[in-house]
């Protein structure tokens, strides 16, 4: 997750900060915080959704030779990818309780994986 976060810093800089900086410079208007958060959410959604539904691996997951599959070991369908993305926010945001869940889970799955019907496997 840390490696993905580092990669996403560059992606966010190009797809979020650069356009909003240029727009504010040219139009002399600053985007509202709500618009910035919505744009960030959309950028992250597109990143994860694309990689999870096209091979099951983000760039960082390729490095660590892991991938996301459904509970039967098949590639993620679009609904599973969307559900996993939406469920990871409260899982991580609530003091990481969904990540700590893996220590208690019999299959060592994160809470959002358990709820979304997905799992991380080693390639």
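Structure notes:
- Scan of segment 28-41 for residues that are under 16 Å from the mean Cα position of the chain (by Cα), modelled with pLDDT under 95 and either closer than 13 Å to residue 121 by Cβ or surrounded by fewer than 14 Cβ atoms within 10 Å (Cβ to Cβ) (or both), ordered by number: 37, 38
- Restricting attention to segment 45-83, the residues being assigned to a helix (DSSP H, G or I) and crowded, with 16+ Cβ neighbours inside 10 Å number 12.
- Qualifying residue in segment 10-31 (condition: in contact with a strand residue (DSSP E or B) (Cβ under 8 Å, 6 or more places away or on another chain) and part of a helix (DSSP H, G or I)): no
- Residue check for residue 17: surrounded by 12 or more Cβ atoms within 10 Å (Cβ to Cβ), under 19 Å from the mean Cα position of the chain (by Cα) and farther than 23 Å from residue 59 by Cα: no
- Of the residues making up segment 84-123, those that are within 15 Å of the chain's Cα centre (by Cα) and assigned to a loop (DSSP other than H, G, I, E, B) are 96, 110.
The values are calculated or read from the model by the stated rules, or taken from the named source; none is laboratory data. Predicted, not measured: the structure shown is a model, and the values here were computed from it. Cβ coordinates were reconstructed from backbone atoms using ideal geometry, including for glycine residues, and neighbour counts include every protein chain displayed.
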